[in-house]
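Accompanying notes for the structure given below.
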Amino acid sequence: MRCYGTVMRFDVGVLVGTLALAVLAPDAAHARFGGPLPDLGEGDLASFEEGRNAFRTTEDADEGLGPVFNDSSCGACHRVPAVGGASRVVETRFGRARLSGFDPLDALGGSLIQVKGIGTVDTCDYAGEVVPAIANVTAGRRTTPLFGLGLVDAVPDATLVQLAASERQRSPQTAGRVHMVADAPTASTRVGRFGWKAQVATLHHFSGEAYLMEMGITSEFFPEEQCPQGDCAALACDPADDPEDEDGDVEKFLAFMRLLAPPPSRPIEGRAADGATVFARIGCDDCHRPELQTGTSDVAALDHVTFQPYSDFLLHDMGSLGDGIAQGDAREGEMRTAPLWGIRRQHRLLHDGRATSIADAILQHDGQGAAASAAFAALEPSDQRLLLRFLRRL
């Protein structure tokens, strides 16, 4: 079995909370952020490079950009510390909280704001959207890194379902739940795992939806434009015919993300290994599960691989740390467990970037994360330092 990153114990396909001494995989010491998975064949490497180039390419209105959008290339937001990474970009979602439940205000362009427009086209003037006055909920959503998501994509749905069942038995007070969502490319219902609300099940869906929502470019599985500020009549001057993805960019983005290597690991040894023990002792690994395993894949580098994302990719009730936005069956207070791999290169943390340090992020945990947060606050300063030393190795 291939293993990427640190070595942890794995029990019958279900994660356990104990940590073993971590070691580097054979080529992890030489890996860099933004590189391809190790041991790819020539064809996959060519697909990775083609996808990375498309990911960095700037689009214009004649190619389908807009009419409202957030940026003109994927790489504009996913670039730190390398192409495919995160950034300081924080997008805005909005809606209206009612006694009957959350209203995303779709008719007013919700729930995601597109902040830019392509300007004047014929008789139409396309400007960026704004939060409508009727909205009483707004939330920031930080750009997240894409490193290693091909591995996450390759985890069988059954593994995450089983993991949720295991958590209900092992630690019911912090147990997460799966978010079942519609997957457009397969026209099926799958287990969500991507996005702050686990609202996306596959990288294929993620590629097409992001192309539409962030750049306004329609494609095979997302053929309809988003109406600017909800005004569908404004689409009359859209300069490009739908679907606009004539060059197959969605498939290229998919190849790039699928073959993008996880964050390069560092050895967890000495005091960092002691910190890993503290991490487990105070219950951080109830949700930030160290290890997962992929299923069968046609790409050898994704086939039955054990990897260490430090997430269960499940929804948890985070109390006051929830963002107030409901998506699909994910409630206002629920958030997907954020993976911790690569956290050492992220300068803003939590869904809206409010935390500027790892310690700050831990202390702001609430709801099902409150007990671990309180346990961290109660640690001796020396144990806090050990735990933070461990996290800074990820």
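The values are calculated or read from the model by the stated rules, or taken from the named source; none is laboratory data. From a predicted model like this one, the values you see are computed outputs, not experimental measurements. Because the Cβ atoms are built from the backbone with ideal geometry, glycine has one as well, and the counts that use them run over all protein chains shown.
Scanning segment 356-387 for residues that are free of Cβ contacts under 8 Å to residues at least 12 places away in the same chain and buried (at least 20 other Cβ atoms within 10 Å of the Cβ) yields one hit, 373.
When segment 88-103 is filtered for residues that are surrounded by fewer than 21 Cβ atoms within 10 Å (Cβ to Cβ) and either under 19 Å from the mean Cα position of the chain (by Cα) or closer than 13 Å to residue 213 by Cβ (or both), the ones remaining, listed by number, are 88, 89, 90, 91, 92. Candidates in segment 203-262 are the residues that are among the hydroxyl-bearing types (Ser, Thr, Tyr) and out of contact with any strand residue (DSSP E or B) (no Cβ under 8 Å at 6 or more places or on another chain); of these, the one that is surrounded by the most Cβ atoms within 10 Å (Cβ to Cβ) is 207. The number of residues in segment 106-122 that are in contact (Cβ under 8 Å) with a residue 60 or more places away in the chain and out of contact with any helix residue (DSSP H, G or I) (no Cβ under 8 Å at 6 or more places or on another chain) comes to 1.
From the list 285, 312, 274, which one is in a helix (DSSP H, G or I) and under 22 Å from residue 178 (Cα atoms)? Steps first, please.
Values: 312 fails: in a helix (DSSP H, G or I); 274 fails: under 22 Å from residue 178 (Cα atoms).
Going through 285, 312, 274 in turn, just one is in a helix (DSSP H, G or I) and under 22 Å from residue 178 (Cα atoms): 285.
Scan segment 91-104 for residues that are assigned to a loop (DSSP other than H, G, I, E, B), without any contact (Cβ under 8 Å) to a residue 60 or more places away in the chain and within 14 Å of residue 132 (Cβ to Cβ) and jot them down. Listed by number, the list is empty, since nothing qualifies.
Collect the residues in segment 227-271 that are assigned to a helix (DSSP H, G or I) and small (Gly, Ala, Ser), keeping them in residue-number order.
230, 233, 234, 236, 255
Among the residues of segment 111-139, those that are assigned to a loop (DSSP other than H, G, I, E, B), under 14 Å from residue 216 (Cα atoms) and not β-branched (Val, Ile, Thr) comprise 114, 127, 128, 129. Reported count of residues in segment 125-135, each being out of contact with any Gly (no Cβ under 8 Å at 6 or more places or on another chain), in contact (Cβ under 8 Å) with a residue 40 or more places away in the chain and either closer than 17 Å to residue 352 by Cβ or surrounded by 15 or more Cβ atoms within 10 Å (Cβ to Cβ) (or both), is 0. Within segment 187-212, the set of residues being among the aliphatic types (A, V, I, L, M) and either assigned to a loop (DSSP other than H, G, I, E, B) or under 11 Å from the mean Cα position of the chain (by Cα) (or both) comprises 187, 198, 200, 201, 203.
Take segment 80-121 and flag every residue that is modelled with pLDDT of 95 or more and among the basic types (Lys, Arg). Correct list: 93, 96, 98, 116.
Would you say residue 46 is of a type outside the set (D, E, K, R), exposed (fewer than 15 other Cβ atoms within 10 Å of the Cβ), at pLDDT below 95 and not in a loop (DSSP other than H, G, I, E, B)? Before the answer, list the steps.
Details: of a type outside the set (D, E, K, R): yes; exposed (fewer than 15 other Cβ atoms within 10 Å of the Cβ): yes; at pLDDT below 95: no; not in a loop (DSSP other than H, G, I, E, B): yes.
In short, no.
If you go through segment 288-307 and pick out every residue that is assigned to a strand (DSSP E or B) and of a type in the set (Asp, Glu), you end up with 0.
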